[in-house]
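Working notes for the structure below.
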Amino acid sequence: IKDKSHCKSANKSAYNNFKRIIDYEIFRNIPQAEDAIFYIWKSFFNMNKYDYAIKYFDKCLANSINTKDSEALYWKAQCYHELKDYEKAKALFVQLVDYYPNSPNRESAEKFIKYIEQIIVDDALRQIKEEDKEESELRIP
């Protein structure tokens, strides 16, 4: 328990320091600011705080430095996947594949696209079966 509280305290301290870097306007468009944003969203992702992570992925994608954009897209898609928003996840994986063909995450993104497509099909079939069942129960014999 002592180690967990120490880690939580260290994460909070690191978050505050990284946040200070990106809050100062003069630092917003330097590579270190993007690194700070990277560490913030990575921390939120690792803590399963996907909504917060998405906020920082967006900051990473919106700045004028593009060194981590493909990685931000990949992990933002992963957040949506974890949140079970498969349509958004798929769209981001497709965007990664289309805009960053040399990304080290491309192959994984392509696999996720196929996996998500199957989830979407399975969900649609399940819904059709449920609707058919409800409809058959409502029929008068």
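Has the stretch 120-138 got at least one residue that is polar (S, T, N, Q), open to solvent by less than 50 Å² (accessible area, probe 1.4 Å) and out of contact with any strand residue (DSSP E or B) (no Cβ under 7 Å at 6 or more places or on another chain)?
Taking every residue of the stretch 120-138 in turn, none turns out to be polar (S, T, N, Q), open to solvent by less than 50 Å² (accessible area, probe 1.4 Å) and out of contact with any strand residue (DSSP E or B) (no Cβ under 7 Å at 6 or more places or on another chain).
Which of the residues spanning the stretch 66-94 are within 17 Å of Ile120 (Cβ to Cβ), in a helix (DSSP H, G or I) and either open to solvent by 70 Å² or more (accessible area, probe 1.4 Å) or touching a Leu at 6+ places or on another chain (Cβ under 6 Å) (or both)?
Ala77, Glu82, Glu87, Lys88, Leu92
Just give me the residues in the stretch 52-62 being crowded, with 20+ Cβ neighbours inside 10 Å and over 11 Å from the mean Cα position of the chain (by Cα), in sequence order.
Across the stretch 52-62, the qualifying residue is only Cys60.
Quick check, is Ile26 open to solvent by 40 Å² or more (accessible area, probe 1.4 Å) and at pLDDT below 70?
yes
Among the residues of the stretch 95-119 satisfying the criterion of being among the polar types (S, T, N, Q) and part of a helix (DSSP H, G or I), which is least open to solvent (accessible area, probe 1.4 Å)?
Only one residue fits best here, namely Ser108.
Could you please let me know if Ser9 is outside any helix (DSSP H, G or I) and either of a type outside the set (A, V, I, L, M) or at pLDDT 90 or above (or both)?
For Ser9, the condition - outside any helix (DSSP H, G or I) and either of a type outside the set (A, V, I, L, M) or at pLDDT 90 or above (or both) - is not met.
Across the stretch 44-81, what is the total count of residues that are within 19 Å of Ile113 (Cα to Cα) and hydroxyl-bearing (Ser, Thr, Tyr)?
So the count comes out to 3.
The values are calculated or read from the model by the stated rules, or taken from the named source; none is laboratory data. In this text the structure is predicted, and so the values were computed from the model without any measurement. Ideal geometry is used to build each Cβ from the backbone, glycine not excepted, and the neighbour counts take in all protein chains shown. These area figures cover heavy atoms from the full protein model, side chains too; ligands, DNA and RNA do not enter into them. Shrake-Rupley method; radii C 1.70, N 1.55, O 1.52, S 1.80 Å.
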